[in-house]
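A.B. asks: Below is the structure I would like to discuss, written out as structure tokens.
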Amino acid sequence: MTNQEAITNFMYFGHNFPYNFISKVWGEENSISNHLQSKFDDMTERYSTMTFFRWFMELDNGNKDILTSWVEENYKAFS
């Protein structure tokens, strides 16, 4: 996958994420996934469709790496 395809794939994911993506990435019912889900839910009330991108920018680098790796392995905007 080229850099352009990877970025475009991530942007598609950001606009079309599945409702349960946090539990798929970080696991279900643990402290980090509960924290990230709560933060995401709170931001949704304020930012609507831009929530994913604002939320992503607030993740620490380790969690950004976890999410971008998961998207690369599990989400394909390009067939």
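The values are calculated or read from the model by the stated rules, or taken from the named source; none is laboratory data. Everything numeric in this text was worked out from a predicted model, so none of it was measured. No Cβ is skipped: glycine too gets one built from the backbone with ideal geometry, and neighbour counts run over all protein chains shown.
A.B. asks: Among the residues in segment 51-62, are any surrounded by 12 or more Cβ atoms within 10 Å (Cβ to Cβ), touching a Pro at 6+ places or on another chain (Cβ under 9 Å) and of a type in the set (D, E, K, R)?
C.D. replies: The first filter runs over segment 51-62 and keeps only residues surrounded by 12 or more Cβ atoms within 10 Å (Cβ to Cβ), leaving 51-56, 58-59.
Pick out the ones that are also touching a Pro at 6+ places or on another chain (Cβ under 9 Å) and you get none.
Within segment 51-62, none of the residues are surrounded by 12 or more Cβ atoms within 10 Å (Cβ to Cβ), touching a Pro at 6+ places or on another chain (Cβ under 9 Å) and of a type in the set (D, E, K, R).
A.B. asks: Going through segment 1-25 one residue at a time, which ones are outside any loop (DSSP other than H, G, I, E, B) and of a type in the set (S, T, N, Q)?
C.D. replies: In the first step, residues of segment 1-25 are kept if they are outside any loop (DSSP other than H, G, I, E, B); the result is 3-16, 21-25.
Asn3, Gln4, Thr8, Asn9, Asn16, Ser23, listed by residue number.
A.B. asks: Tally up the residues in segment 31-50 that are surrounded by fewer than 12 Cβ atoms within 10 Å (Cβ to Cβ) and of a type in the set (Val, Ile, Thr), please.
C.D. replies: So the count comes out to 1.
A.B. asks: Is it true that Glu28 is modelled with pLDDT under 95 and either in a helix (DSSP H, G or I) or surrounded by 15 or more Cβ atoms within 10 Å (Cβ to Cβ) (or both)? Show your work before the answer.
C.D. replies: Working: modelled with pLDDT under 95: yes; either in a helix (DSSP H, G or I) or surrounded by 15 or more Cβ atoms within 10 Å (Cβ to Cβ) (or both): no.
Here the answer is no, as Glu28 does not meet what is asked.
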